[in-house]
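In what follows, a single structure is set out as structure tokens and then discussed.
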């Protein structure tokens, strides 16, 4: 994941890692946003052309969203390009209803987060510690003063 690659680049002072992480944020995250946060797919090389196979839409798990939000924020902090702040807000909006179930996974009033979207609009309404913690960390991070107010506007715009 891009966040781990960003951290590796910082630790090793190696821009090659940072550039790879930026490439993931620039290419994969917009695809996920445009295609409904797919769960998984395989990539094959067929006649020298990369093809996507075995596309799996669900299960969409709450703790899979946080690292992408944090990576988009890292890209913003490194580059100061507001497109990454906007992307972080749109990724985090998954918790607030910008998802296939069109329902809030995170309760702003209670801090509770549901675990996953199982299929279509079928939400796994368990609220494990992991899901709640990652949702709280995500909401905290996208509302930080260092990141600017545009994160929140992207989140609430859906």
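Read-outs: derived from the displayed coordinates by stated rules, not from any lab. Keep in mind it's a predicted model, so treat the numbers as computed, not measured. So basically every Cβ, Gly included, is an ideal-geometry build from the backbone, and we count neighbours across all protein chains shown.
Below is a table of values for the structure above.
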read-out: Cross-chain or 6+ apart pairs with Cβ under 7 Å, the stretch 33-53 first and on the phi > 0 side of the Ramachandran plot, then surrounded by 10 or more Cβ atoms within 10 Å (Cβ to Cβ) and in a loop (DSSP other than H, G, I, E, B); value: 36/57; 36/100; 37/99
read-out: Residue in the stretch 9-26 that is without any contact (Cβ under 8 Å) to a residue 60 or more places away in the chain and in a strand (DSSP E or B) present; value: no
